[in-house]
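S.K.: The structure under discussion is supplied below as structure tokens; questions concerning it will follow.
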Amino acid sequence: MSHPSPPAPGPYLQTVSGRFVNPFDPDPEQLDPGDIARALANICRFGGHCRPFYSVAQHSVIVSELVEQRGGDVEDVFAALMHDAAEAYLGDMPHPIKHRSPLGTAFKAAEDHLESVLRARFSIKADVPEIKRIDRALLATERRSVSGEGWDWPELEGVEALDIELVPCPPDEAERAFTARFDELQARRGVDAPSR
């Protein structure tokens, strides 16, 4: 499939499918679930500071499964799957930098705007409180399983790790899992999957 070139020089990313995305001023039609799945599968959590490779795509699938297990409806579950979709275009900034630095302040503004465009593009439900709770508990679990617990993290104060075993998978497998979950949830929502 042929895709047009960017309209002008600028901060455009060429995606795996050949689309172009300016994450600061995204064209919604250029935001593709296949590109999101591949990019998130290639991005390692914790800024790469993991013992094994553990992707944002795998994290997102797990969050969606946990939201469903805790009684979330299909819209909550889809929002959970897509909660880190902006990282496909901006990368994953480690939590302490994102939330406790001037660089993080600029990043957060760009991320908030991109997330609003993604919400409109994919009809993602906003403000699902269970996502934040599960995301934090899974962060504590991931830290224990794939990173390390050398010192206290203020954002995890009072947060209990989940009683689950994480088995990190390679990018191709994480991409397939994310894509399958996306397609399954779109079907349950009664939404046709975009052509890839």
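S.K.: Within the stretch 127-147, is even one residue touching a helix residue (DSSP H, G or I) at 6+ places or on another chain (Cβ under 6 Å), among the polar types (S, T, N, Q) and either modelled with pLDDT under 95 or over 20 Å from residue 28 (Cα atoms) (or both)?
M.R.: yes
S.K.: Let me ask something else about it. Does residue 60 satisfy being of a type in the set (Ser, Thr, Tyr) and surrounded by 14 or more Cβ atoms within 10 Å (Cβ to Cβ)?
M.R.: Judged against the criteria, residue 60 is a match.
S.K.: Shifting gears a bit: Looking at the stretch 16-43 only, could you name the residues that are crowded, with 17+ Cβ neighbours inside 10 Å, part of a loop (DSSP other than H, G, I, E, B) and either free of Cβ contacts under 8 Å to residues at least 60 places away in the same chain or of a type outside the set (A, V, I, L, M) (or both)?
M.R.: 19, 22, 23, 26, 32, 43
S.K.: Say whether the condition of being modelled with pLDDT of 95 or more, within 15 Å of residue 115 (Cβ to Cβ) and small (Gly, Ala, Ser) is met by at least one residue in the stretch 15-34.
M.R.: No; the residues of the stretch 15-34 include none that is modelled with pLDDT of 95 or more, within 15 Å of residue 115 (Cβ to Cβ) and small (Gly, Ala, Ser).
S.K.: Sticking with this one: Looking only at the stretch 143-165, decide whether some residue is under 17 Å from residue 56 (Cβ atoms), in a helix (DSSP H, G or I) and among the polar types (S, T, N, Q). Outline the logic, then answer.
M.R.: Keep residues of the stretch 143-165 that are under 17 Å from residue 56 (Cβ atoms), which gives 143, 145-147.
Next cut, in a helix (DSSP H, G or I) only: 143, 145-147.
Then keep just the ones that are among the polar types (S, T, N, Q); that gives 145, 147.
The answer is yes; a qualifying residue exists.
S.K.: Every residue in the stretch 44-57 that is free of Cβ contacts under 8 Å to residues at least 40 places away in the same chain and surrounded by fewer than 17 Cβ atoms within 10 Å (Cβ to Cβ), please. Quick ask: steps written out before the conclusion?
M.R.: At the first step, the residues of the stretch 44-57 found to be free of Cβ contacts under 8 Å to residues at least 40 places away in the same chain are 48, 56.
Result: 48, single match.
S.K.: So which of 138, 118, 103, 185 is under 16 Å from the mean Cα position of the chain (by Cα), hydrophobic (A, V, I, L, M, F, W, C) and within 22 Å of residue 21 (Cα to Cα)?
M.R.: 118
S.K.: Something else: Can you tell me which residues in the stretch 83-122 are outside any helix (DSSP H, G or I) and without any contact (Cβ under 8 Å) to a residue 60 or more places away in the chain?
M.R.: 83, 84, 85, 91, 92, 93, 94, 100, 101
S.K.: Over 18 Å from residue 61 (Cβ atoms) and crowded, with 17+ Cβ neighbours inside 10 Å: does that describe residue 118?
M.R.: When the stated conditions are applied, residue 118 does not pass them.
S.K.: Can you spot a residue in the stretch 62-75 that is part of a helix (DSSP H, G or I), among the polar types (S, T, N, Q) and touching a helix residue (DSSP H, G or I) at 6+ places or on another chain (Cβ under 7 Å)?
M.R.: Within the stretch 62-75 (the criterion being part of a helix (DSSP H, G or I), among the polar types (S, T, N, Q) and touching a helix residue (DSSP H, G or I) at 6+ places or on another chain (Cβ under 7 Å)), the answer is yes, since at least one residue qualifies.
The values are calculated or read from the model by the stated rules, or taken from the named source; none is laboratory data. Owing to the predicted nature of the structure, the values given are computational and were not obtained by experimental measurement. Here Cβ is always computed from backbone atoms with ideal geometry, including for glycine, and neighbour counts include all displayed protein chains.
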